[in-house]
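First the structure, in the form of structure tokens, and then the observations on it.
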Amino acid sequence: MEAQLTLTGTPVVPGIAYAKTAWVQGVPEPPETAPDVPESERETAQEQFVAAADAVAQRLTTRAASMVGTASDILAVSAGFARDKGWRKEVNKRIAGGTPPVQSVTQATQLFADIFSAQGGLMEERVTDLLDMRNRVVAELEGHPEPSIPTPDEPIILLADDLAPADTAGLDPELILGIITRLGGPTSHTSIICRQLSIPCIVAARDLEAVSDGKLLIMDGDSGEYSVDPDREQAEALAHEDALRRQRAREWQGPAETLDGYPVELLANIQDRASALRAEQTEATGIGLFRTELSFLNTPVEPSLEDQSALYRSVFSSFPGGKIVVRTLDAGSDKPVAFASVPNEENPALGVRGLRTSGVDEGLLLRQIDALVSASADHDGPNWIMAPMVSTIAEARWFCGMIRERGLKAGIMIEVPATAIMIDQFMEEVDFVSIGTNDLTQYVMAADRTNANLATYTDNWQPAVLTLINLIAQSGIAHGKPVGVCGEAAADPNLAAVLIGMGVTSLSMASGAISYVGSRLSEVTLEQCQQAAEAVLQAPDPITARQVASAALGTHA
Ligand code: PEP
Ligand code: MG
């Protein structure tokens with residue numbers, strides 16, 4: 001690889017790292033075939049398999065217990081894979097037919113991996129977790145040590161084809177300064193855990209193979225760029241500047257406001273009680289997006305009204321007196337919920353998802369609203385309810401009418417270009433709107449948000465997307481109605497400043513991003529934010545948009 005050649009992947013966790021590279025060695029695939037197990041030994045072979053799966057499940061459970069938050073949840077799910085009755089049955093069936101345990105495990109796991117892949121989206125991204133569990137069980141059966149990432153003696157940037165959750169969860173951010181993977185997507189577990197640990201991360205770096213072990217490399221988790229053997233002085237200066245930025249974020253304490261005291265409402269994106277508790281530890285003043293469907297991804301049947309109310313109540317209790325914005329079920333597409341999704345759609349991202357599921361089963365939405373109203377009665381802060389994937393005025397009128405009748409504030413998410421384009425008419429129907437920039441970008445750019453090959457299209461800095469956001473913000477100002485942003489765009493510190501400059505009234509993001517956005521806003525004036533907003537609207541592409549925004553906002557105070 002030539003010196004200073006700059007390569008790109010999909011940026012996932014912002015931050016600059018400069019260190020030597022170290023590749024994670026993949027686990028060799030076990031041979032596809034092996035001699036049959038004699039009939040007299042098959043029962044013993046089944047026992048060996050069960051013992052190996054039990055040992056792996058137990059180890060993963062113990063590691064889950066020693067961690068907190070998402071990392072712990074993910075390890076618990078991996079342990080669940082090793083205990084799964086359906087998977088064990090498939091393995092045992094093969095052993096009973098004479099296939100040796102290692103090959104039985106490989107074949108049975110592949111069966112499930114194929115099913116997950118066929119479902120696409122989030123399910124497809126769980127294939128890495130499944131294969132990791134398989135590797136551990138195979139290692140156990142073969143008497144090899146469990147696959148793991150070696151602990152380096154000096155800080156490194158870790159390179160891998162993909163990382164398993166069990167590996168990523170145990171990483172030490174003092175030693176692993178950055179991570180680049182060849183595979184994976186922005187919502188893969190590698191990404192989720194790196195976000196939690198604040199380790200700069202780039203995924204879907206297709207050309208990563210060209211980078212060898214032990215090379216000095218600089219990576220930028222904001223732009224997705226990485227280069228080998230950069231100018232040493234420049235790289236050290238950039239890494240140093242970034243270390244200071246992270247320190248400022250660690251030291252930042254609310255309230256969220258610009259340098260000249262313009263208050264900004266910073267809220268958290270959550271999905272269940274555990275993530276609400278994490279949000280409570282931040283400077284967020286409430287919840288700006290409660291993704292209710294994510295609580296039900298593994299729930300086969302619709303939970304009862306009582307169970308739903310109990311869940312919502314437990315989440316609301318994290319922010320007594322604080323604002324809570326709940327989104328009704330956004331089932332379908334990349335978030336399949338067994339009891340709410342229409343199976344086998346040709347094109348699920350353009351299919352029956354979000355509010356559209358009410359067209360198939362209206363009762364589901366009505367029962368969820370009843371549960372939310374009941375839980376809201378015990379919460380003394382503002383309770384706002386919004387619908388995802390609204391695309392017609394009739395939908396907005398119907399939904400908001402129903403919520404208002406029950407005494408709560410009613411809003412819609414702006415994720416569909418049609419809604420953004422007709423925003424003035426929609427504003428007449430709603431109490432507030434929240435822009436879902438992840439889907440809005442996907443639909444404006446006609447680019448699947450989960451497809452790593454399309455990451456340059458699904459960049460939130462795309463001028464077409466910024467133009468629509470500005471249109472919505474201006475409409476909010478004209479109608480005197482709040483306009484929030486709850487997609488990933490709000491978590492990008494400079495873009496957050498641009499959004500405030502456009503007139504967006506609240507920003508909601510993953511808990512890990514709050515201090516970065518808060519500290520960045522504290523360094524810039526409202527006027528700078530407005531100048532940055534004006535400048536990006538003239539930019540022809542995302543790179544220029546980033547550059548002109550940085551120029552208007554300055555590096556830091
Ligand atoms: C969005 O689309 O920006 C959004 C916040 O919703 P989700 O990511 O859950 O689809
Ligand atoms: Mg969305």
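The single condition from (1) open to solvent by less than 60 Å² (accessible area, probe 1.4 Å); (2) touching a residue at least 60 places away in the same chain (Cβ under 8 Å); (3) part of a helix (DSSP H, G or I) that ALA108 fails is (2).
Residues of the stretch 219-247 being under 24 Å from the mean Cα position of the chain (by Cα) and not in a loop (DSSP other than H, G, I, E, B), which ones? I'd like the intermediate steps shown before the answer.
Start the filter on the stretch 219-247 by keeping residues that are under 24 Å from the mean Cα position of the chain (by Cα), which leaves 219-226, 242-243, 245-247.
Within the stretch 219-247, MET219, ASP220, GLU225, TYR226, ASP242, ALA243, ARG245, ARG246, GLN247 meet the criteria.
Residues that are among the hydrophobic types (A, V, I, L, M, F, W, C) and within 16 Å of ligand 2 (Cβ to nearest atom) are absent from the stretch 400-407 altogether. For SER72, are the conditions met, namely being within 30 Å of ILE199 (Cβ to Cβ), open to solvent by 10 Å² or more (accessible area, probe 1.4 Å) and touching a residue at least 60 places away in the same chain (Cβ under 8 Å)? Considered against the rule, which asks whether it is within 30 Å of ILE199 (Cβ to Cβ), open to solvent by 10 Å² or more (accessible area, probe 1.4 Å) and touching a residue at least 60 places away in the same chain (Cβ under 8 Å), SER72 comes out as yes.
From the list SER318, SER309, SER295, exactly one residue is at negative phi, away from ligand 2 (no atom under 14 Å from the Cβ) and open to solvent by 10 Å² or more (accessible area, probe 1.4 Å). Which is it? Step through it out loud before you land on a result.
Numbers: SER318 fails: open to solvent by 10 Å² or more (accessible area, probe 1.4 Å); SER309 fails: open to solvent by 10 Å² or more (accessible area, probe 1.4 Å).
Criteria check complete, one pass: SER295.
Take the stretch 529-557 and flag every residue that is surrounded by fewer than 20 Cβ atoms within 10 Å (Cβ to Cβ) and part of a helix (DSSP H, G or I).
Our first condition is that a residue be surrounded by fewer than 20 Cβ atoms within 10 Å (Cβ to Cβ); within the stretch 529-557, this holds for 530-531, 534, 537-544, 547-548, 550-551, 554-557.
GLN530, GLN531, GLU534, PRO542, ILE543, THR544, GLN547, VAL548, SER550, ALA551, listed by residue number.
Examine the stretch 451-473 for a residue that is in contact (Cβ under 8 Å) with a residue 24 or more places away in the chain, under 27 Å from ARG182 (Cβ atoms), more than 16 Å from ligand 2 (Cβ to nearest atom) and of a type in the set (Phe, Trp, Tyr), and state whether such a residue exists. Yes - at least one qualifying residue is present in the stretch 451-473. Put simply, of ASP380, ASP370, ASP424 the only residue that is among the acidic types (Asp, Glu), surrounded by fewer than 16 Cβ atoms within 10 Å (Cβ to Cβ), more than 18 Å from CYS486 (Cβ to Cβ) and touching a Pro at 6+ places or on another chain (Cβ under 9 Å) is ASP380.
Of all residues in the stretch 495-518, those being within 19 Å of GLU283 (Cβ to Cβ), open to solvent by 10 Å² or more (accessible area, probe 1.4 Å) and small (Gly, Ala, Ser) number 6. Restricting to the stretch 339-348, and then to whatever is open to solvent by 30 Å² or more (accessible area, probe 1.4 Å) and in contact (Cβ under 8 Å) with a residue 40 or more places away in the chain, can you tell me which residue is farthest from ligand 1 (Cβ to nearest atom)? If we take residues in the stretch 339-348 being open to solvent by 30 Å² or more (accessible area, probe 1.4 Å) and in contact (Cβ under 8 Å) with a residue 40 or more places away in the chain, then PHE339 is farthest from ligand 1 (Cβ to nearest atom). Taking the residues in the stretch 111-147 that are among the acidic types (Asp, Glu) and over 22 Å from THR190 (Cα atoms) as candidates, determine which candidate is least open to solvent (accessible area, probe 1.4 Å). Per the criteria, the residue is GLU140. Annotation note: of THR392, THR456, THR450, the sole residue that is open to solvent by 30 Å² or more (accessible area, probe 1.4 Å), modelled with pLDDT under 95 and more than 16 Å from ligand 1 (Cβ to nearest atom) is THR456. Of all residues in the stretch 427-447, those that are open to solvent by less than 10 Å² (accessible area, probe 1.4 Å) and away from ligand 2 (no atom under 12 Å from the Cβ) total 5. Note on the stretch 501-546: among residues that are touching a strand residue (DSSP E or B) at 6+ places or on another chain (Cβ under 8 Å), among the hydrophobic types (A, V, I, L, M, F, W, C) and closer than 19 Å to GLN253 by Cα, the one that is modelled with the lowest pLDDT is ALA510. Of the residues making up the stretch 477-492, those that are surrounded by fewer than 23 Cβ atoms within 10 Å (Cβ to Cβ) and either within 16 Å of ligand 1 (Cβ to nearest atom) or within 17 Å of GLY436 (Cα to Cα) (or both) number 3. Of the residues screened, VAL301 is not one that is touching a residue at least 60 places away in the same chain (Cβ under 8 Å) and over 17 Å from the mean Cα position of the chain (by Cα).
Can LEU365 be described as within 13 Å of ligand 1 (Cβ to nearest atom) and open to solvent by 10 Å² or more (accessible area, probe 1.4 Å)? In short, no. Report whether or not THR419 is at pLDDT below 95, within 15 Å of ligand 2 (Cβ to nearest atom) and over 21 Å from LEU266 (Cα atoms). Judged against the criteria, THR419 is not a match. Taking the stretch 349-359 as the range and being within 14 Å of ligand 2 (Cβ to nearest atom) and open to solvent by 30 Å² or more (accessible area, probe 1.4 Å) as the test, the residues that pass are LEU350, ARG356.
The values are calculated or read from the model by the stated rules, or taken from the named source; none is laboratory data. Please read all numbers here as calculations on a predicted model, not as lab measurements. Glycine also receives a Cβ, built like all others from the backbone with ideal geometry; neighbour counts cover every protein chain displayed. Just so you know, the surface numbers come from the protein's heavy atoms only, side chains and all, with ligands and any DNA or RNA stripped out. Shrake-Rupley method; radii C 1.70, N 1.55, O 1.52, S 1.80 Å.
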